[in-house]
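One structure is given below, encoded as structure tokens.
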Amino acid sequence: MTPETDVLIVGAGPAGLAAAIELKRQGVANVTVVEREPEVGGIPRFCAHTGFGLQDLHRLLSGPSYARYYAAQAKAVGVDLHTATTITGWEGERSLAYTSPDGIGTLTAKAILLATGVRERPRPARLIPGTRPHGVFTTGALQRFVYERHLPVGKKAVIVGAEAVSLSAVMTLREAGLEVVALLTEHPHHQLYFPYSLGKFWLLDLIRRTPILTSTRLRRIMGTRRVEAVEVLHTADGRTETIPCDTVVFTGDWIPENEIARSGGLIIDRHTLGPQVDGGHRTSRKGIFAAGNLLRGAESAATSALEGRAAAREIVRFLTDGRWPDVRLPIAVEAPIAWVYPNTLTAFDIASPRRTFDFRVQTFVEGATVQIRQGTKHLYSRTFRHLGPNETMHLDGRWLAQVALDGEPPVLSVEA
Amino acid sequence: MTQEIYDVAIIGAGVVGTAIARELSRYQLSTVLLEANPDVGQGTTKANTAIWHTGYDAKNGTLEARLLRRSRALMEKFVPEAGVPVEMLGGVLVAWTEEQRDRLPALRERAFKNGVTDVRILSPEEVYEMEPNLQEGAWGGLYVPGESIICPFTLPLAFATQAVLNGVELKVNFPVRNVHLEEKEGTTVVESEDESVRCRYLINAAGLYSDEIDGMLGHHDFTVTPRRGELIVFDKFARSLINHVILPVPTPLTKGVLISPTVYGNVLLGPTAENLDDKTNTATSEAGLQTLLEKGRAILPALLEEEVTATYAGLRAATEHSDYQIRLHADQRYVCVGGIRSTGVSSCMGIAEYVRELLEQAGVTMVPKPTFKPVKMPYIGEAGQRPYRNPAMIAENPDYGRVICHCEKVTLGEILDAIHSPVPARTLDGIRRRTRVMQGRCQGFNCRATIVDILARETGQDPKFLLAQDDKARAGVNPHPQSSRGEGAK
Ligand SMILES: Cc1cc2nc3c(=O)[nH]c(=O)nc-3n(C[C@H](O)[C@H](O)[C@H](O)COP(=O)(O)OP(=O)(O)OC[C@H]3O[C@@H](n4cnc5c(N)ncnc54)[C@H](O)[C@@H]3O)c2cc1C
Ligand SMILES: Cc1cc2nc3c(=O)[nH]c(=O)nc-3n(C[C@H](O)[C@H](O)[C@H](O)COP(=O)(O)OP(=O)(O)OC[C@H]3O[C@@H](n4cnc5c(N)ncnc54)[C@H](O)[C@@H]3O)c2cc1C
């Protein structure tokens, strides 16, 4: 591997590959992508169901075909791809250490893009008590069992979560021949918003066939060798119920794979847990960009890929003019807003009022007026008929021109 | 039917049983180590706080205090030689009330009597200098430089490996169901389900079940009450919050909830202490985890900001006595090693030497072997150099550069070593304890399927069978189903 390159990309998921392809198209000579897995493509490699590519490739593909498409494109345009290569830490301002079967080394670049993706919080991170039997998965782990290694799973599954990715778990379990006995959500309503371009009828059919237990919390896992049952609490009336099953799948509850970002001293946003970025994917460290699910948990693969492309254009700009913002103003959020992203403002943003902002809320709010203020100054408000958890909403950037970059952090909140 | 008669049979391959096996393997004896589980170190030994205690707070004059002290000297030599991960961090005991502060001089006095003479009382300022992230309000503290952290997985494996290399026979999947003496022959028959072994001398190191084995020989000197301790492991990002083992002021019942780094670079919070009647109940509880979070917040608020990596529970073999229950029954050619409650990881080598002395008392002649093969374990700590950072190892074998478990940076080379070691891993949990795979942030959610594949391929097993085996290993084998009711039976 050549130790010096123009752009080094960490992670060959949709975000990293789309960025690499765009960089080559824009004429960057040396683009290196490192991927710790034996193959490039990221999470879609294991999602052997349809639902990928509509917004970025304008057609509907299965996860593996989608991953193959990006891998082939990257090869065709001459991206320098390195698999089985793990980035293990920082060696300098724009240098990263790696380990691979060929040895260990350092890669130095003019710009670095972090696109390390996301993971679902596994059971222990959610502090679910009980025994520790076999049969507990996350969606990602389940898909590797079923699609990658063809290993046995079980017979009857309870799915924790009722959001987009939970549907992926349902499809995978059906594929593996399991019966889904229930989807659990702590919220009063499920959060299945026809995601990933899946058919509405398919979804309605699913909802008809699968009990969705709302306002329900998983309290305990039971069973000695194998999961035998779960105990749930119905928070509305305080009832507890034991549901027999041999498989539990934890879905969603994302946490960015922020190890490299955090160990490099990049400022981490308290709400997204990804690195803080401005609208141009610039992190708090000069020459270091970030894109994809690393920024804020899982969106569709297309969203990540489009972000990768957008980041690539900003990287090209940086390689050309070397400019980097010296003032960064974080955007604060107040409950029930869960997070906003981009989550810092720089002079580059103020100059681009066409930026959009994504945000999510923690709970359902009907008829919510979302507002942005800076100090006592009201900058913007917009009313949404309906806001719900696990659904990303968008704000335009018309308010940006009024922001004082040397002022207090603007606050995004819901008007009482 | 002629059957080999072993000089010594040891029941239980926890840290205590394996240490004894290793000690005996230095002499010209034939020894067999019998373990109910598919692997060594799968009982209480794998689920504790992993502190290498000095014994500063042990009750003066007890056997426990004496063996802890003796073990210290022995382990100081063995642990580095065998490559067992340790970090000599030192402990800071924090007094959170005036009353606790007033007890510090007595604790220091007790430490001195236990031969731990380097302890020192700390002013509140000194406490915060050493541990700047602690919650405000400490009244003072006690510095115990010798309290260290150790790898509770490698330690019993190192003992077992050295024992096996020096001729001890290890029989796993051997749950002892019955023991009877053959007075005439001067032998003892130790029976499992469909197998038995004969020996001249028997050692009972069965941990939680040591009272039941003792009962098979007609003794009722003590009863083991499982005392559950729940623990929470925090993400590696929490490691920089503390520099020492943060100890509470101990009470007669428990050492209390502590916060400690682990040799894998995480931070542990725990344990709780709760008496149960089920020796298999290693489940965690909502109340236990909540208690820990509250205590953690009261000691080190920033800890709670970090992600939780794992939760688990271990069972202490508590008895009605406040000291170890180690007894020689010379007439029965039998040594009982029970009630090793909350310090066994630290006292194991002292216990092993003492058991050897008891056997000598009982008439066993100990003739040292001309050569005693050394052991060097694969290094799985965080403080030293792991294979993925070792260019020489990777150059020699590229598998040491092929990272399989991304969270803990474990390579294919290490996994293969674990499967093909003298005490081989045959279960997923066995590979985990030998390499750290699946015990990081994602808890094996990324690499578990791959590891199933590797283990199946390397051992020629059907993955389905292997997963079923693993179910068994995870649950732990209850060798005495009649004595305790598992949760599942309710
Ligand atoms: C179960 C599931 C089902 C889904 N279903 C759909 C769907 O139907 N339709 C859809 O559009 N989207 C779906 N998604 C979302 C989609 O997969 C993600 O949005 C997309 O993969 C994100 O791309 P990414 O590049 O940001 O991250 P990832 O795809 O996660 O890629 C990150 C890459 O970085 C690598 N990496 C991380 N750290 C390092 C390091 N230190 N060194 C080297 N490499 C590293 C990882 O190995 C990984 O390959 C699903 C996601 C999941 C989990
Ligand atoms: C929460 C907690 C925290 C602790 N913290 C520390 C600490 O920080 N430092 C420290 O030094 N100590 C600590 N301890 C104590 C320490 O873990 C124990 O003292 C030690 O592990 C005991 O080892 P053992 O070999 O006696 O028991 P075990 O590890 O339980 O081994 C006994 C073995 O015997 C086997 N067995 C039982 N019955 C049979 C049978 N019939 N046939 C065959 N095999 C059988 C079992 O399967 C098991 O493998 C802690 C304990 C707990 C629970």
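Within 10 Å of each candidate Cβ there may be at most 15 other Cβ atoms; applying that plus a DSSP loop requirement, which GluC sites (Glu not before Pro) in region B:1-73 survive?
On the way: sites: B:GLU4, B:GLU23, B:GLU35, B:GLU64; in loops: B:GLU4, B:GLU35.
Sites meeting the loop and neighbour criteria: B:GLU4.
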Q) Average partner chain C-beta neighbours within 10 Å, per residue of B:436-449? A) 5
Q. Short version: ³J(HN,Hα) in whole Hz for each residue of region B:449-463, in order, from phi by Karplus 6.51 cos²θ - 1.76 cosθ + 1.60 (θ = phi - 60°), x for Gly and Pro, what are they?
A. 4, 5, 6, 4, 4, 5, 5, 4, 5, 5, 10, x, 9, 6, x
Q: Report B:THR154's accessible area, 1.4 Å probe, all protein chains in place, as a number in Å² to the nearest 10.
A: 10 Å²
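Using DSSP to call loops (not H, G, I, E or B), can you name the GluC sites (Glu not before Pro) in region A:310-416 whose Cβ has at most 12 other Cβ atoms within 10 angstrom? Please list the in-between numbers first.
On the way: sites: A:GLU314, A:GLU334, A:GLU366, A:GLU391, A:GLU415; in loops: A:GLU334, A:GLU391, A:GLU415.
Passing sites in region A:310-416 are A:GLU334, A:GLU415.
Under a 1.4 Å probe, what is the accessible area of region A:122-250 per residue, stated in Å²?
Values: 5040 Å² over 129 residues.
Heavy-atom accessible area per residue stands at 39 Å².
Need one number: the % of Cα-Cα pairs in the protein assembly as shown sitting beyond the 45 Å mark.
Details: 133820 of 409965 pairs.
So the pairs more than 45 Å apart make up 33 percent of the total in the protein assembly as shown.
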Q) Can you give the % of DSSP beta bridges in chain B that are antiparallel, to the nearest 5? A) 70 percent
Q: Just read off the accessible area of A:GLU91 with the full protein assembly in place, 1.4 Å probe, to the nearest 10 Å².
A: 110 Å²
Q: Rank by packing, highest mean first: peptides B:13-20, A:237-244, with packing defined as the count of other Cβ atoms within 10 Å averaged across residues.
A: B:13-20, A:237-244
(Q) Along the charge dipole of region B:66-130, pointing to its positive end and built from +1/-1 on Cβ of Lys, Arg, Asp and Glu, which listed residue (B:VAL84, B:TYR128, B:ALA95) has its Cα farthest out? (A) B:VAL84
Q: Mind ranking B:THR365, A:THR356 by accessible surface for me, highest first, 1.4 Å probe?
A: B:THR365, A:THR356
Q) Over the protein assembly as shown, what is the percentage of antiparallel beta bridges among all DSSP beta bridges, to the nearest 5? A) 65 percent
Q) Kirkwood Rh, region A:1-69, all Cα pairs: how many Å? A) 12.8 Å
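Report the charge-dipole magnitude of the protein assembly as shown in Debye, nearest 20, computed about the Cα centre from +1 at each Lys and Arg Cβ and -1 at each Asp and Glu Cβ. Don't skip to the answer; put the middle values down first.
Working: 100 positive and 104 negative charges, 281 e Å.
So the dipole magnitude of the protein assembly as shown works out to roughly 1360 debye.
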Q.
Test of understanding: in a Gaussian network model of chain A with alpha carbons linked when under 10 Å, which of A:THR283, A:THR320, A:THR369 would top the mean-square fluctuation ranking?
A. A:THR320
Q) Got the relative contact order for region A:122-250 handy, in percent, Cα pairs under 8 Å and 6 or more residues apart? A) 33 percent
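Would you mind calculating the relative contact order of chain B from Cα pairs under 8 angstrom and at least 6 residues apart, reporting the percent as a whole number?
Values: 1044 pairs, mean separation 99.7, N = 490.
Value for chain B: 20 percent.
Shielding by partners for A:130-141, please: the mean number of other protein chain Cβ atoms within 10 Å of each residue's Cβ. Don't jump to the answer; show the numbers that get you there.
Numbers: counts 6, 11, 10, 5, 9, 2, 2, 3, 4, 1, 3, 8.
That works out to 5 on average.
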Q) Of the cross-linked pairs B:LYS113/B:LYS373; B:LYS236/B:LYS295; B:LYS255/B:LYS279; B:LYS46/B:LYS236; B:LYS279/B:LYS369; B:LYS113/B:LYS376, which ones have a Cα-Cα span greater than 29 Å in the structure shown? A) B:LYS113/B:LYS373; B:LYS279/B:LYS369; B:LYS113/B:LYS376
Q) Among B:VAL375, B:ASN275, B:LEU428, which residue has its Cα positioned farthest towards the positive end of the charge dipole of chain B, with +1 placed on the Cβ of Lys and Arg, -1 on the Cβ of Asp and Glu, and the dipole taken about the Cα centre? A) B:VAL375
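Count the net charge of all other residues whose Cβ sits under 12 Å from the Cβ of A:PRO342, scoring Lys and Arg as +1 and Asp and Glu as -1.
Neighbour charge sum, excluding A:PRO342 itself: -2.
Is there a quick way to get the dipole size of region B:387-474? I mean about its Cα centre, with the Cβ of Lys and Arg at +1 and of Asp and Glu at -1; what is the value in debye to the nearest 20?
On the way: 14 positive and 11 negative charges, 66 e Å.
The dipole magnitude comes to about 320 debye.
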Q) Which cross-chain or sequence-distant (5 or more) residues have an amide H under 5 Å from the amide H of A:GLY105, H modelled 1.01 Å from N in plane? A) A:TYR98
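List the relative contact order of chain A as a percent without decimals, with contacts defined as Cα pairs under 8 Å and 6+ residues apart. Don't skip to the answer; put the middle values down first.
Details: 1005 pairs, mean separation 64.4, N = 416.
Reported as a whole number, the value is 15 percent.
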Q: Nearest 100 Å² is fine: how much accessible area is buried between A and B, summed over both sides, with a 1.4 Å probe?
A: 4300 Å²
(Q) Could you tell me what a quarter of the Cα convex hull surface of chain A works out to, in nm² with one decimal place? (A) 20.7 nm²
(Q) Cut-off under 17 Å on the C-alpha distance; same-chain residues fewer than 8 positions from B:LYS77 excluded. Which aspartates and glutamates are left, in chain and number order? (A) B:GLU23, B:GLU87, B:GLU147, B:GLU353
Q: Can you give me the three principal axis dimensions of region B:387-474 from its C-alpha atoms, in Å, biggest first?
A: 38, 28, 18
Q: Report A:VAL146's accessible area, 1.4 Å probe, all protein chains in place, as a number in Å² to the nearest 10.
A: 20 Å²
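To the nearest 20 debye, what charge dipole does region A:122-250 have about its Cα centre, counting +1 at the Cβ of each Lys and Arg and -1 at the Cβ of each Asp and Glu? The partial results should precede the final answer.
Numbers: 17 positive and 11 negative charges, 56 e Å.
Charge dipole, region A:122-250, about its Cα centre: 260 debye, nearest 20.
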**Q.** Accessible surface ranking that places the most exposed of B:LYS409, A:LYS156, B:LYS376, B:LYS184 first, with a 1.4 angstrom probe
**A.** B:LYS184, B:LYS376, A:LYS156, B:LYS409
**Q.** Residue with peak Gaussian network fluctuation, chain A [Cα springs, cutoff 10 Å], from A:SER65, A:SER166, A:SER352
**A.** A:SER352
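Return the calculated 222 nm mean residue ellipticity for chain B, to the nearest 500 deg cm²/dmol, obtained by summing -39500 (n - 2.57) across DSSP H runs with n ≥ 4 and dividing by the residue count. Don't skip to the answer; put the middle values down first.
Working: 14 runs with 150 residues, N = 490.
-9000 deg cm²/dmol, from helical runs alone.
Need one value for A:220-231: mean number of C-beta atoms belonging to other chains within 10 Å of its residues' C-beta atoms. Don't skip to the end; give the middle numbers.
Numbers: counts 5, 2, 4, 6, 14, 9, 6, 1, 2, 1, 0, 1.
Per-residue shielding by partner chains comes out at 4.
Return the ratio Rg/(2.2 N^0.38 Å) for region A:188-258, where Rg is computed over Cα atoms only. Each step should come with its number before you reach the end.
Numbers: Rg = 15.0 Å, N = 71, 2.2 N^0.38 = 11.1 Å.
The reported ratio for this selection is 1.35.
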Q) In whole Hz, what ³J(HN,Hα) sequence does region B:59-71 give by Karplus (6.51, -1.76, 1.60; θ = phi - 60°), x for Gly and Pro? A) 5, 4, x, 7, 5, 4, 4, 5, 6, 4, 5, 5, 4
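The values are calculated or read from the model by the stated rules, or taken from the named source; none is laboratory data. Predicted model, so just to flag it, every value in this text is computed and none were measured. Ideal geometry is used to build each Cβ from the backbone, glycine not excepted, and the neighbour counts take in all protein chains shown. Remember, those area values only see protein heavy atoms, side chains included, never the ligands or the DNA or RNA. Shrake-Rupley method; radii C 1.70, N 1.55, O 1.52, S 1.80 Å.
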